[in-house]
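The structure appears below as structure tokens.
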Amino acid sequence: MTNPKISIIGLGYVGLPLAVEFGKQFPVVGFDINTRRLDELRAGHDRTREVDAAELKASAQLTFSSSLDDIRGSDFFIVTVPTPIDAYNRPDLTPLIKASETVGKALKAGGIVIYESTVYPGCTEEDCVPVLEKFSGLKFNVDFFCGYSPERINPGDKVHTVAKIKKITSGSTSEVAQAVDELYRSIITAGTHRAPSIKVAEAAKVIENSQRDINIAFVNELSLIFERMGIDTLDVLEAAGTKWNFLPFRPGLVGGHCIGVDPYYLTHKAQSLGYHPEIILAGRRLNDNMPAYVASRVVKLMIQEGQTVKGANVLVLGLTFKENCPDIRNSKAIGIVRELQDYRCNVIVHDPWADPAEVRHEYDIELSPCPHGGDAAAIDAVVVAVAHDQFRQIDFARFAADNAVVFDVKSVVSRNLVHARL
């Protein structure tokens, strides 16, 4: 296929960078149901800050649409919608099913549908394919075909961008697997790895983040233990890190739309097959409890410093799920905020990366400017929850001079200026 028409379904952190890369070589329609998002992209603005105006302009064959007619008859459909969990930590396939319905209505004979959304092994063929068949009237692996190529986008990372990260590919037949692999090799300079089946590719993705989750849970547990021993966790990790094969994980908050979510997709599938995971869920429980632990330590430190907790002004620095990124989905910093509010603290939240309107809508919180100037004396405690670059420029000596408790989750502040850190 020399000049395939490609439609990217979903233009978030994953879909937009992919659409931009493909749009440099092929005719691409970036499809999204959010018309405000489309208007911003047409004007050269990406609110996720993953792609700048120059990159959007350089993608000469990329257009944006919310119309089914504009994606009808595409050769490739690439689905990049979110796969969240519900309030009970169960997979929520609603965005994936809705996207499959849309693609089914636009699918033509010979079309190939590639999923990039993180799912449990078997989801593409067991959950998505029946929807495609129903809405297209076509038969799987006869009239249309599927592939799976898991996303590996790292939000906020300007080094490991989409073209520089090796891509796993797969297809529902050997011929389709080859076609999918060739398609991605046209833009992925880091190369591809062709998996033997869609299920293998799905499993590979879901264990990538599960592995990271478990490793972070381990060092978080070490932090809980070493705090009781009066040992600095980072001192221990730096010493252990002198061994060549020691893994350099650090304690912290595990949120976002990947590491804090994907393990539940794997455990859901395992439980449906009669196996009850222990290590994976233990890691999830430990990581999910870290915000409450941080808040309790802050309150304990305040009491030790003779401060009155009720009504105290506590500044929380950072609300996004990671540093130098505007994404607030599944933020664990919000857990710290809520716990401190339960202690009847007056919590002030500052985050230069987060969108104030989005924070207001999602969490009913008004972001504040950072009082690190003349009014720093009004702050009783500071929690550095996210390692934004801007926070490294704050004069934390001002807070220390005014006897404010400083708790550093991310090791941003000089050790002599903090009361404790993870």
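Output the residues belonging to the stretch 61-91 that are farther than 26 Å from residue 40 by Cβ and either under 17 Å from the mean Cα position of the chain (by Cα) or not aliphatic (A, V, I, L, M) (or both).
73, 75, 85, 86, 88, 89, 90, 91
Working only within the stretch 67-82, note down all residues that are open to solvent by less than 60 Å² (accessible area, probe 1.4 Å) and touching a helix residue (DSSP H, G or I) at 6+ places or on another chain (Cβ under 6 Å).
Within the stretch 67-82, 68, 71, 77, 79, 80, 81 meet the criteria.
Just the residues that are surrounded by 13 or more Cβ atoms within 10 Å (Cβ to Cβ), assigned to a helix (DSSP H, G or I) and not basic (Lys, Arg), please, taken from the stretch 273-292.
Selection gives 280, 281, 282, 283, 286, 287, 288, 290, 291, 292.
Hey, any hits in the stretch 166-173 for a residue that's β-branched (Val, Ile, Thr), in contact with an Asp or Glu (Cβ under 6 Å, 6 or more places away or on another chain) and either under 30 Å from residue 6 (Cβ atoms) or assigned to a helix (DSSP H, G or I) (or both)?
Checking the stretch 166-173: at least one residue is β-branched (Val, Ile, Thr), in contact with an Asp or Glu (Cβ under 6 Å, 6 or more places away or on another chain) and either under 30 Å from residue 6 (Cβ atoms) or assigned to a helix (DSSP H, G or I) (or both).
When you check residue 118 against the structure, is it surrounded by fewer than 14 Cβ atoms within 10 Å (Cβ to Cβ), among the hydroxyl-bearing types (Ser, Thr, Tyr) and out of contact with any Leu (no Cβ under 7 Å at 6 or more places or on another chain), yes or no?
No.
Just wondering, is there one or more residues in the stretch 141-159 that are at positive phi and at pLDDT below 95?
yes
What number of residues in the stretch 27-61 are under 30 Å from residue 109 (Cα atoms) and open to solvent by 20 Å² or more (accessible area, probe 1.4 Å)?
Qualifying residue count, the stretch 27-61: 7.
Any residue at all in the stretch 240-248 that's modelled with pLDDT of 95 or more and closer than 18 Å to residue 84 by Cα?
No, that holds for no residue.
Can you name the residue in the stretch 396-418 that is of a type outside the set (A, V, I, L, M, F, W, C) and under 30 Å from the mean Cα position of the chain (by Cα) and is also most open to solvent (accessible area, probe 1.4 Å) among such residues?
Filtering first and then ranking leaves 415.
Determine, yes or no, whether residue 10 is out of contact with any Pro (no Cβ under 7 Å at 6 or more places or on another chain), open to solvent by less than 20 Å² (accessible area, probe 1.4 Å) and on the phi > 0 side of the Ramachandran plot.
Yes, satisfied.
Taking only pairs six or more apart or across chains, which ones have beta-carbon atoms under 9 Å, a first residue in the stretch 380-394 that is farther than 21 Å from residue 295 by Cβ, and a second residue that is buried (at least 23 other Cβ atoms within 10 Å of the Cβ) and among the charged types (D, E, K, R)?
Close Cβ pairs (under 9 Å, with a partner that is buried (at least 23 other Cβ atoms within 10 Å of the Cβ) and among the charged types (D, E, K, R)) do not exist here.
Could you please find all residues in the stretch 300-333 being part of a helix (DSSP H, G or I) and open to solvent by 30 Å² or more (accessible area, probe 1.4 Å)?
Answer for the stretch 300-333, where residues must be part of a helix (DSSP H, G or I) and open to solvent by 30 Å² or more (accessible area, probe 1.4 Å): 300, 303, 304.
Between residues in the stretch 18-33 that are closer than 16 Å to residue 114 by Cβ and among the charged types (D, E, K, R) and residues that are open to solvent by less than 30 Å² (accessible area, probe 1.4 Å) and modelled with pLDDT of 95 or more, which pairs lie under 7 Å by C-beta distance while being six or more apart or on different chains?
What qualifies is 21/187.
Taking the stretch 232-256, which residues are open to solvent by less than 70 Å² (accessible area, probe 1.4 Å), farther than 14 Å from residue 288 by Cα and not aromatic (Phe, Trp, Tyr)?
Hits for the stretch 232-256 are 232, 233, 234, 235, 236, 237, 239, 240, 241.
Identify, please: which residue in the stretch 365-382 is over 29 Å from the mean Cα position of the chain (by Cα) and at pLDDT 90 or above and is, among those, least open to solvent (accessible area, probe 1.4 Å)?
379
Just to be sure I understand the filter: pairs with C-beta atoms under 7 Å, separated by 6 or more residues or on different chains, first member in the stretch 291-317 and in contact (Cβ under 8 Å) with a residue 40 or more places away in the chain, second member surrounded by fewer than 15 Cβ atoms within 10 Å (Cβ to Cβ) and part of a loop (DSSP other than H, G, I, E, B). Which pairs pass?
305/403
Looking at residue 124, is it open to solvent by less than 50 Å² (accessible area, probe 1.4 Å), touching a helix residue (DSSP H, G or I) at 6+ places or on another chain (Cβ under 6 Å), in a loop (DSSP other than H, G, I, E, B) and under 15 Å from residue 199 (Cα atoms)?
no
Failed condition for residue 270, given (1) open to solvent by 10 Å² or more (accessible area, probe 1.4 Å); (2) within 23 Å of residue 93 (Cα to Cα); (3) touching a residue at least 24 places away in the same chain (Cβ under 8 Å); (4) in contact with a Pro (Cβ under 7 Å, 6 or more places away or on another chain), with all others met?
Failing condition for residue 270: (3).
When you look at residue 282, is it closer than 25 Å to residue 79 by Cα and among the small types (Gly, Ala, Ser), yes or no?
Here the answer is no, as residue 282 does not meet what is asked.
Within the stretch 132-146, can one find any residue that is in a helix (DSSP H, G or I), of a type in the set (S, T, N, Q) and surrounded by fewer than 15 Cβ atoms within 10 Å (Cβ to Cβ)?
no
The values are calculated or read from the model by the stated rules, or taken from the named source; none is laboratory data. Computed from a predicted model, the values in this text were never measured in an experiment. As a convention, Cβ positions derive from the backbone with ideal geometry for all residues, glycine included, and neighbour counts pool all protein chains shown. Keep in mind that these areas ignore ligands, DNA and RNA; they rest on the heavy atoms of the full protein, side chains included. Shrake-Rupley method; radii C 1.70, N 1.55, O 1.52, S 1.80 Å.
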